[in-house]
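Structure first, then comments.
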Amino acid sequence: MLKLRLKRCGRKQRAVYRIVAIDARSRREGRDLRKVGLYDPINNKTHLNVPAILNFIERGAQPTRTVYDILKKAGVFKDTRIPFVGTL
């Protein structure tokens, strides 16, 4: 099963996260299938590859809660009706 989740990058106390498509069984820093975005919580910037994200979601990838919130805030789900499916 594929997941869209955050992968930590950057230095100590200055975390930057990549949004990646990755196998659900992989560890956080594991090998990803594709990088589909970047999230910088310190500068509050987001860069997304929306066609790639929608392609992975259509193929069954499920975003984690945090990634879902980032995508929703960026307006990725305005045209599509993709509900959050995950565990609480």
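For the reader, a short list of remarks on this structure follows.
- In order along the stretch 32-44, phi translates into HN-Hα couplings of 9, 7, 6, 8, 10, x, 9, 10, 10, x, 6, 8, 6 Hz, rounded to whole numbers, per the Karplus curve 6.51 cos²θ - 1.76 cosθ + 1.60 with θ = phi - 60° and x for Gly and Pro.
- From phi via Karplus (6.51, -1.76, 1.60), per-residue ³J(HN,Hα) for the stretch 72-79 in Hz, x at Gly/Pro: 5, 5, 7, x, 6, 9, 5, 8
- Under 5 Å, built H, 5+ apart or other chain: amide partners of Arg34: Ala21
- Within straight-line reach of Lys78, meaning a Cα separation under 16 Å, sit the following aspartates and glutamates at least 8 residues removed in sequence or on another chain: Glu58, Asp69.
- Shape of the chain, Cα gyration tensor, a/c cut at 1.5: oblate
A short reminder: the numbers here are calculations on the coordinates, not readings from a lab. Just so it is clear, the structure is predicted and the values come from calculations on it, not from any experiment.
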